[in-house]
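The values are calculated or read from the model by the stated rules, or taken from the named source; none is laboratory data. Quick caveat, the model's predicted, so the values are computed rather than measured. All Cβ positions, even for glycine, are placed from backbone atoms using ideal geometry, and neighbour counts span all protein chains on display. All accessible areas refer to the heavy atoms of the entire protein, side chains included, with ligands and DNA or RNA removed. Shrake-Rupley method; radii C 1.70, N 1.55, O 1.52, S 1.80 Å.
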Amino acid sequence: MMDQHTHTNYSPDASESTTFLDYVKQAKRLGFQGMMVTEHMDYDSPDPLFHQLIPYDEYFQAVQQLKIETQFDIRVGVEIGYQKQSLEKIHTLIAKYPFDFVILSIHIIDGLDPYDGSYFQGKTKTESIQRYFEVLLEAVQSTDDFDVVGHFDYIMRYCNFEDRSIAISDYQELIDAIFTTLVSKGKGIEINTSGMDDLTKSMYPSLTILKRYHQLGGRMITLGSDAHHERQLGRYFPEAIALLKEAGFEEMALYQNRIPTMIPLEG
C-alpha cells in the first residue's frame, strides 16, 4: 500500500512544517511499504502563492539522501496544474526529471480560480460544471505527459451551490469522451479521499462516476489522500477501497518510473 498523492512543505499550500521525514515516519506508522510525494507545479497560476517554482535539482538530491538514511522506498511524482498556455513548460519539466508518477489536475479554468470563487461568478451550476469538463477533455486530448487525472470532480470542492453533487447524465457526453480518451491512451484516474474532510463529504470522484469509468473499460486507478500535512496521510483509505470494490474494481495501480504495477485491492 502506498499513498500516491501527497504534498510536503515544498508545495506552497501545504503545511510549512511538514517535511519528507515527517511523511516517512507517518508512512512507517501506518505500515505502508513506501511513499510518493507529488508536489504542485501550477505554471501561470493567477495566485502569487504558486509563482515560486520547486527547485527540482535540489529536491531530487534531498529525496535520494533521505532514501539512503531511512532505507525507505520514497518515490517522486508531481501534480501538474493544466492550462493550455502552459503545455510547453509542462512538457519541458516532465522530460527533464525522472518522475515516478504524474498527476494531471485542473486547478485553473479560463484563468479563473475556483478556490477564491472567481470562476463561479456569473455562472450557473450547470455552466460551471460544463466548462470544467470541457477543459478537462481538452487537457487529456492535448497531452500524453501524465499518468492519471487528479480529483476528477474537483469542481464541486469550492462551489457555493447548495447541491454540490454532479448528475452524470447532464454531462454524459463529455464525461464519456474523457474516459474513452483515457482508456485509449492507457491513462487512468485517482480516487482522492480528501473530499471526506471538506464540505462535499465524499470521495473524488463519486461512486456513480467511478462506475461509469469502469463500465467504459477503465481499470487504471490509483489511491491518494491529497495530504498537505503528514497526519492526513492515508486518510479514509479503507472507505476508498470499499468504494472501488463496489464500483467493480479488483486492482489498483502503483507507479514507479512511470510504469504501473497492478496490485489487488485489500481491506
message: Being open to solvent by less than 10 Å² (accessible area, probe 1.4 Å), more than 19 Å from D226 (Cα to Cα) and of a type in the set (V, I, T) is the requirement here; does I175 meet it?
response: yes
query: Which condition number does Y158 fail, the rest of (1) among the hydroxyl-bearing types (S, T, Y); (2) buried (at least 16 other Cβ atoms within 10 Å of the Cβ); (3) in contact with a Ser or Thr (Cβ under 8 Å, 6 or more places away or on another chain) being met?
result: (3)
field: Residues that are hydrophobic (A, V, I, L, M, F, W, C) and either over 12 Å from Y43 (Cβ atoms) or open to solvent by less than 10 Å² (accessible area, probe 1.4 Å) (or both), drawn from the stretch 77-92
entry: V78, I80, I90
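Report yes if E230 is more than 16 Å from the chain's Cα centre (by Cα) and buried (at least 17 other Cβ atoms within 10 Å of the Cβ), otherwise no. Working first, answer last.
Working: more than 16 Å from the chain's Cα centre (by Cα): yes; buried (at least 17 other Cβ atoms within 10 Å of the Cβ): yes.
So E230 fits the description; yes.
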message: Can you tell me how many residues within the stretch 238-267 are of a type in the set (A, V, I, L, M, F, W, C), crowded, with 20+ Cβ neighbours inside 10 Å and under 20 Å from A27 (Cβ atoms)?
response: 4
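Answer yes or no as to whether D3 is over 18 Å from Y97 (Cβ atoms), in contact with an Asp or Glu (Cβ under 7 Å, 6 or more places away or on another chain) and either surrounded by 15 or more Cβ atoms within 10 Å (Cβ to Cβ) or touching a residue at least 12 places away in the same chain (Cβ under 8 Å) (or both).
Working: over 18 Å from Y97 (Cβ atoms): yes; in contact with an Asp or Glu (Cβ under 7 Å, 6 or more places away or on another chain): no; either surrounded by 15 or more Cβ atoms within 10 Å (Cβ to Cβ) or touching a residue at least 12 places away in the same chain (Cβ under 8 Å) (or both): yes.
Taking the combined requirement at face value, the residue does not satisfy it.
Okay, residues lined up against (1) outside any helix (DSSP H, G or I); (2) modelled with pLDDT under 95; (3) closer than 22 Å to V78 by Cα:
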{"residue": "I191", "(1), (2), (3)": "yes, no, yes"}
{"residue": "G195", "(1), (2), (3)": "no, yes, yes"}
{"residue": "T200", "(1), (2), (3)": "yes, yes, no"}
{"residue": "R212", "(1), (2), (3)": "no, no, no"}
{"residue": "G217", "(1), (2), (3)": "yes, no, no"}
{"residue": "T222", "(1), (2), (3)": "yes, no, yes"}
{"residue": "R235", "(1), (2), (3)": "yes, no, yes"}
Filter result for D57 (surrounded by fewer than 15 Cβ atoms within 10 Å (Cβ to Cβ) and closer than 16 Å to S105 by Cα): no
